[in-house]
1. Applying 1/(1 + (r/R0)^6) with R0 = 45 Å to the Cβ-Cβ distance of Glu9 and Arg52, what FRET efficiency is obtained, to the nearest 0.05?
2. For Leu84, what accessible surface area do you get with a 1.4 Å probe? Give it in Å², rounded to 10.
3. In nm, what is the difference between 0.36 nm times the number of residues separating Ala91 and Ala35 and their Cα-Cα distance?
4. If R0 is 25 Å, what FRET efficiency do you get for Asp19 and Gln68 from their C-beta distance, rounded to 0.05?
5. Restricting the count to DSSP beta bridges whose residues both fall in the stretch 73-147, what percent are antiparallel, rounded to a multiple of 5?
6. Please list Glu49, Glu140 in order of solvent-accessible area, largest first, computed with a 1.4 Å probe with all protein chains present.
7. Whenever you get a sec, line up Trp31, Trp94 from highest to lowest accessible area (probe 1.4 Å, protein heavy atoms).
8. First check a/c for the stretch 2-103, with a ≥ b ≥ c the square roots of the eigenvalues of its C-alpha gyration tensor; if it is under 1.5, answer rounded, and if not, answer prolate when a/b is larger than b/c or oblate otherwise.
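The values are calculated or read from the model by the stated rules, or taken from the named source; none is laboratory data. Since we're looking at a predicted model, the values are computed, not measured. Please note: Cβ atoms are built from the backbone with ideal geometry, for glycine as well, and neighbour counts cover all protein chains shown. Accessible surface areas use protein heavy atoms only, side chains included; no ligands, DNA or RNA. Shrake-Rupley method; radii C 1.70, N 1.55, O 1.52, S 1.80 Å.
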Amino acid sequence: MDNDSLDNELLHRVRADFDRARFKAFMNSVWAVLARRPNNLLSFDDVKEKLRLGGPIYRGLKTVRLDQIVGSLNRYHDFDRAFLPTQSETADRWQRVNLAFYKDISLPPVLLYKVGQVYFVVDGHHRLSVAREQGQEFIEAEVRECQTKVRITPNLHPEDLEILSEKVEFLERTGLDHIRPDANIKLSIPDGFSRMLEHIAV
């Protein structure tokens, strides 16, 4: 097979990969509506504001599990929770990154913010999306960690932020995380921590 034929085959493959990824993203959105489950990436700015994050502190180059990356700094509308592309406008860049994957071209690490046990993409959304679609479980990343007073896990959803925001305020006002660092209070109702603060004040 000559080089032109090989290049044409690769181009056809990367286009087919993107079309398949877009279809999977569409099916994910349909399933999310039917199941009434969130399917969107978390916004780092929302998390930063509600949880009053500290930092970030540079942690160096790390190998990160892809399923721990749950949000984005500024492109949370372009990809779904599985980092499948939700916009056709991302096709050209996504396919260029995918072509580099097939040609075994080394790409720079992605840049991530770490919050608790999860990560948010600052730079490298398409690299991460292609890596997941190609079946990778890990990715090389430069990591900057933001400090938080609450436990954050990969099953975090947008509706959880209000309760966690109340917990942060509760901990800041009571100092419980310093007085009793082993204490782990979990509430599942809105205003629960506000009510506890009222009872403490009384």
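1. The computed FRET efficiency comes out at 0.30.
2. Rounded to the nearest 10, the figure is 10 Å².
3. Working: separation 56, 0.36 × 56 = 20.16 nm, distance 2.81 nm.
Contour length minus the Cα-Cα distance gives 17.4 nm.
4. The value I calculate is 0.35.
5. 50 percent
6. Sorted descending by solvent-accessible area, the residues read Glu49, Glu140.
7. Trp31, Trp94
8. Details: a/c = 2.94, a/b = 1.51, b/c = 1.95.
It is oblate, given that a/c is not under 1.5 and a/b is not larger than b/c.
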